[in-house]
Amino acid sequence: MEKIASFTVNHMDLLAGIYVSRKDEVNGNVITTFDLRMKRPNYEPVMNTAEMHTIEHLGATFLRNHNDYKDRIIYFGPMGCRTGFYLIVAGDYESKDMVELVTQMYEFIGDFEGEVPGASPMDCGNYLDMNLPMARYEAKDYLKKALYNISRERLEYPPTRNV
């Protein structure tokens, strides 16, 4: 079986950042998948599900209400490895095109106070698995180490490995 492209990225050299994971064409339209890598894989501890779940609720709420992007957002959700999130956007974009939007989203999450949107038994299948203080901490950490003053090495995947 052929190895999928994301498994050829050298995760030992991957830093927290924003990366184009893939581009797909659907009915003549480009869909861009972004890797919002919050943790350096295999170096930093991964996030727990409660803070990831909270970031997912807050991030999705922010994105689907954003004046400029709400009609282009396809999906925002967690990576199975718990080191970041995928953001899928309708359109042909590069990583640098998403820096402002992603920074705004993580500032929103880092400053959020109150009830997490959708954190109720009527709205969510696991509403008790939330941790707003840790979600805020993780958002601020990502802003500080990766998004503010982002560099090229945090916008382009490291060279792929031979498979």
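The values are calculated or read from the model by the stated rules, or taken from the named source; none is laboratory data. This is a predicted model, so every value here is computed, not measured. FYI the Cβ positions are ideal-geometry reconstructions off the backbone, even for glycines, and counts take in every protein chain you see.
In the stretch 59-68, of all residues being more than 12 Å from the chain's Cα centre (by Cα) and in a helix (DSSP H, G or I), the one that is nearest to LEU128 (Cα to Cα) corresponds to THR61.
Confirm whether LEU58 is closer than 20 Å to ASP141 by Cβ, in contact with a strand residue (DSSP E or B) (Cβ under 8 Å, 6 or more places away or on another chain) and not β-branched (Val, Ile, Thr). In short, no.
Residues checked against (1) at pLDDT below 95; (2) assigned to a helix (DSSP H, G or I); (3) exposed (fewer than 13 other Cβ atoms within 10 Å of the Cβ):
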residue: MET1; (1), (2), (3): yes, no, yes
residue: LEU15; (1), (2), (3): no, no, no
residue: PHE34; (1), (2), (3): no, no, no
residue: MET52; (1), (2), (3): no, yes, no
residue: ILE88; (1), (2), (3): no, no, no
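Listed by first and then second residue, the pairs with beta-carbon distance under 6 Å, at least 6 apart or on different chains, first residue in the stretch 87-108 and polar (S, T, N, Q), second surrounded by 15 or more Cβ atoms within 10 Å (Cβ to Cβ) and assigned to a helix (DSSP H, G or I), are THR103/LEU147.
In the stretch 127-154, the residue that is surrounded by the most Cβ atoms within 10 Å (Cβ to Cβ) out of those that are more than 16 Å from HIS57 (Cα to Cα) and of a type in the set (A, V, I, L, M) is ALA146. Against the test of being of a type in the set (Val, Ile, Thr) and in contact with a Leu (Cβ under 9 Å, 6 or more places away or on another chain), the options THR49, THR32, THR61 yield a single qualifying residue, THR32. For GLU138, the criteria (1) outside any loop (DSSP other than H, G, I, E, B); (2) touching a strand residue (DSSP E or B) at 6+ places or on another chain (Cβ under 9 Å) hold in every case but one, which is (2).
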